[in-house]
């Protein structure tokens, strides 16, 4: 038991050092720490995914991917916009933290009661749901775990607990790695066991997250306090909900249409490039996560304007640095990571590098919009992006290819970013 405590203390010390290195301002330090930890865990996840995929084969990997994607889809609907609202108002009014936490738990529970039966009805009638009913039931049980885990992430960010937020990621990914390697060694890897160990790793994360959140619930709020908190948060909850759904649609619409209108070769080229650009979003995701509570705490208009400008300029420079290698060395990157058989995806990567830069900036701009009083502008920003994706996709439908899809992605996000940037400054 003593060894366990010493090991845990070493982990805490390591991440405390990472979280307090140098004299870098707190915001930049938290973003840098999160990017480092998330990047390491992403690399670990990719190694696990490769090992599991080789053991499962194409069919087994496809079934697992669909089940986990369906769980993520359900989580997106269930959480609504509570994460953004929690980050903003906990940072802005920390004295009411217990009220916001309890309210989030009640609203999320009610949302799951509504959505879980609908998710079961829709998913159970699908071909994969009928072919793998036991895996589907576990994937369905994973939805509330993912939903509460996602909400706890946002609560910790709003509380300024970046150390705990990063530790939760480490707990989930390392437990997943240990269980996956154990099953591979025992030759017990099947689609069912892979979904089970993923669910168990999320449960580990959720258990640790509840432990971190529990001390902040110092009392049970009254009905009047809950009512007032909901009235305060509801504007951002529903605006962010619409924004999340519109951004989710914008992210998958081109891929879905490409699957209908083009060949599997084009779909494969576009998918691997999308995988790379999504992985590169670690930095803007961290910037967006921490910028919302930071800006929500600013009461001075002048300082808010300076912080806003600084944040946008920092994001633009960062995204240009990230996207430039993809633009200049697309052939080298594709051939090194995926082999010469995927070299046809290089032109897509070069084009989508532009969209990558724009989408990262757009992500941070939407956090800035959420921190302001006119929260409904989130719906305008995300709605305009979704409209651009729809119109460009419809226009290019009959000539759809991987390169055309890349142009649709880049053009839509660039226009969406420019439009949102105008809204922030006008």
Margin query: residue 259 - would you say it is assigned to a helix (DSSP H, G or I) and within 18 Å of residue 405 (Cβ to Cβ)?
Written below: yes
Check: From the list 114, 197, 189, which one is in the same structural domain as residue 80 (by TED's automatic domain parsing), exposed (fewer than 13 other Cβ atoms within 10 Å of the Cβ) and either without any contact (Cβ under 8 Å) to a residue 40 or more places away in the chain or farther than 16 Å from residue 83 by Cβ (or both)?
Finding: 114
Next item on the list: Out of 321, 283, 317, report the one residue that is outside the structural domain of residue 94 (by TED's automatic domain parsing) and in contact (Cβ under 8 Å) with a residue 12 or more places away in the chain.
Entry: 283
Margin query: Looking at 35, 79, 52, 99 in this structure, which one is within 30 Å of residue 181 (Cβ to Cβ), outside the structural domain of residue 241 (by TED's automatic domain parsing) and surrounded by 20 or more Cβ atoms within 10 Å (Cβ to Cβ)?
Written below: 52
Next item on the list: Report yes if some residue within the range 158-169 is at pLDDT below 90 and at positive phi; otherwise report no.
Entry: yes
Note to self: For the range 410-426, check the following and say yes or no: at least one residue is surrounded by 18 or more Cβ atoms within 10 Å (Cβ to Cβ) and either assigned to a loop (DSSP other than H, G, I, E, B) or at positive phi (or both).
What the structure shows: no
Next item on the list: Working only within the range 126-170, note down all residues that are free of Cβ contacts under 8 Å to residues at least 60 places away in the same chain, under 19 Å from the mean Cα position of the chain (by Cα) and outside any helix (DSSP H, G or I).
Entry: 161
Margin query: Pairs please, first residue from the range 67-82 and on the phi > 0 side of the Ramachandran plot and touching a residue at least 12 places away in the same chain (Cβ under 8 Å), second anywhere and surrounded by fewer than 21 Cβ atoms within 10 Å (Cβ to Cβ) and part of a loop (DSSP other than H, G, I, E, B), Cβ atoms under 9 Å, 6+ apart in sequence or on different chains.
Written below: none
Check: So which of 224, 181, 220, 245 ends up being out of contact with any helix residue (DSSP H, G or I) (no Cβ under 6 Å at 6 or more places or on another chain) and either on the phi > 0 side of the Ramachandran plot or outside any helix (DSSP H, G or I) (or both)?
Finding: 220
Notebook entry, point to check: In this structure, is residue 65 more than 15 Å from the chain's Cα centre (by Cα) and farther than 22 Å from residue 141 by Cα?
Noted result: no
Notebook entry, point to check: Restricted to the range 262-305, and to residues that are within 21 Å of the chain's Cα centre (by Cα) and assigned to a loop (DSSP other than H, G, I, E, B), which residue is surrounded by the most Cβ atoms within 10 Å (Cβ to Cβ)?
Noted result: 280
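The values are calculated or read from the model by the stated rules, or taken from the named source; none is laboratory data. Owing to the predicted nature of the structure, the values given are computational and were not obtained by experimental measurement. Don't worry about glycine lacking a Cβ; one is built from the backbone with ideal geometry, like all the others, and counts go over all protein chains shown.
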